[in-house]
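Beneath this line is the structure, given in structure tokens, with notes to follow.
The values are calculated or read from the model by the stated rules, or taken from the named source; none is laboratory data. Note that this is a predicted model, so its numbers are computed, not measured. Note that we place each Cβ from the backbone using ideal geometry, even for glycine, and neighbour counts take in every protein chain shown. Calculation scope for accessible area: heavy atoms of the full protein, side chains included, ligands and nucleic acids excluded. Shrake-Rupley method; radii C 1.70, N 1.55, O 1.52, S 1.80 Å.
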Amino acid sequence: MDGKVDIVVTGTLYIVATPIGNLDDFSPRAQRTLAQVDLIVAEDTRHSAILMRHFGIETPMLSMHEHNELSRIESLLERIRSGQSIAQISDAGTPLINDPGFRLVSAVREVGLPVTTIPGPSAPLVALTLSGLPVHRFSFEGFLPSKEGARTERLQSLAEETRTMIFFESPRRVLSALQTMERCFGGERRVAVARELTKMHESVYTAPLASLLVWIREDPNRLRGEFVLIVEGVCEAVVDGVEALRIVKLLAEELPPRKAAELASKITGVKKNKLYQSLLE
Ligand code: SAM
């Protein structure tokens, strides 16, 4: 790293992305920043030391994980105030995204100190871009609860989400997560299983949940590695239809079916005949 122009500004916090599998994705700017800052704050210093050694980066490191983030903040603010530059990294990918760092960034901004980023790989966005599912509106859902009951409850609460959803899942739970999704979203809902992204055995398979489960059971190797699941949102017309049905049924408790259908149609915009027909059915 010697002989390169200084790019690090004193008294600044840098949020630096690291590779999620392919070391060539470690940007030159990220490497130079990490080599030049006074301190690297890492989620797991032993894990990150391997990456740093590989790239000849010798900057001192300090651990900061979810259990000690709050207690570290004051001393890190003090270092930045005194002119030191600090880089925050996580085990892989973009810090803060389901990783520590949010509280530190928040504290740094609150006291008006500078914070900037060296952007790079992030597993959820890589998976989303490869999924073949709509990307113009999406919601990041992180990890699902590990207990079956809580997981079902969370997925049921998302059954009418119209945006594409991004989930992380551990290899141990990916099969049961997909099975619970099939129960909550139905077998027709399309899901992409994005595995080992940017690595040698990267694969992305997108299919309706029912056939996806068959595909997974065909070969246990398909459950190995790191996963992101991308789930298509429910079609807005279906949500409208469900809501319209609820309304027409409520009105029909007080009104004749034709009148209930007419009113529900005015409220929801769904065709009167369709609502009348569904009441008869
Ligand atoms: N902050 C990270 C990022 O921006 O990519 C994500 C951290 S989160 C704690 C780790 C999860 O990301 C893993 O459990 C897995 O679901 C997903 N993940 C990370 N690397 C991956 C890869 N190469 N392929 C697929 N999923 C990956």
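Does region 229-246 include one or more residues that are surrounded by 15 or more Cβ atoms within 10 Å (Cβ to Cβ), more than 20 Å from Phe168 (Cβ to Cβ) and among the small types (Gly, Ala, Ser)? Give the derivation first.
The first filter runs over region 229-246 and keeps only residues surrounded by 15 or more Cβ atoms within 10 Å (Cβ to Cβ), leaving 229-234, 239, 241, 243-245.
Narrowing further to those that are more than 20 Å from Phe168 (Cβ to Cβ): 234, 239, 241, 243-245.
Of the ones still in play, those that are also among the small types (Gly, Ala, Ser) are 241, 244.
Yes, some residue in region 229-246 is surrounded by 15 or more Cβ atoms within 10 Å (Cβ to Cβ), more than 20 Å from Phe168 (Cβ to Cβ) and among the small types (Gly, Ala, Ser).
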Exercise for the section: Output yes when any residue across region 193-207 is exposed (fewer than 13 other Cβ atoms within 10 Å of the Cβ) and within 15 Å of the ligand (Cβ to nearest atom), and no when none is. Expected result: yes
Completion exercise
Scanning region 28-48 for residues that are within 14 Å of the ligand (Cβ to nearest atom) and part of a loop (DSSP other than H, G, I, E, B) gives Glu43, Asp44
Exercise for the section: Sort out for me the strands (runs of 3 or more DSSP E) sitting completely within region 76-144 that have 2 or more residues that are open to solvent by 10 Å² or more (accessible area, probe 1.4 Å). Expected result: 115-118, 138-143
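What is the residue count in region 57-90 for residues that are out of contact with any helix residue (DSSP H, G or I) (no Cβ under 8 Å at 6 or more places or on another chain) and small (Gly, Ala, Ser)? Show your work before the answer.
Taking region 57-90 as the starting set, the residues that turn out to be out of contact with any helix residue (DSSP H, G or I) (no Cβ under 8 Å at 6 or more places or on another chain) are 60, 65-68, 71, 74-75, 78-79, 81-84, 90.
From what's left, small (Gly, Ala, Ser): 71, 75, 82-83, 90.
Adding up the residues that qualify gives 5.
Tell me yes or no: at least one residue of region 71-78 is farther than 19 Å from Arg32 by Cα, assigned by TED's automatic domain parsing to the domain that holds Ile20, within 16 Å of the ligand (Cβ to nearest atom) and in contact (Cβ under 8 Å) with a residue 12 or more places away in the chain.
At the first step, the residues of region 71-78 found to be farther than 19 Å from Arg32 by Cα are 71-78.
Now narrow it down to the ones that are assigned by TED's automatic domain parsing to the domain that holds Ile20: 71-78.
Next, from what is left, pick out any that are within 16 Å of the ligand (Cβ to nearest atom): none.
Checked region 71-78: no residue is farther than 19 Å from Arg32 by Cα, assigned by TED's automatic domain parsing to the domain that holds Ile20, within 16 Å of the ligand (Cβ to nearest atom) and in contact (Cβ under 8 Å) with a residue 12 or more places away in the chain.
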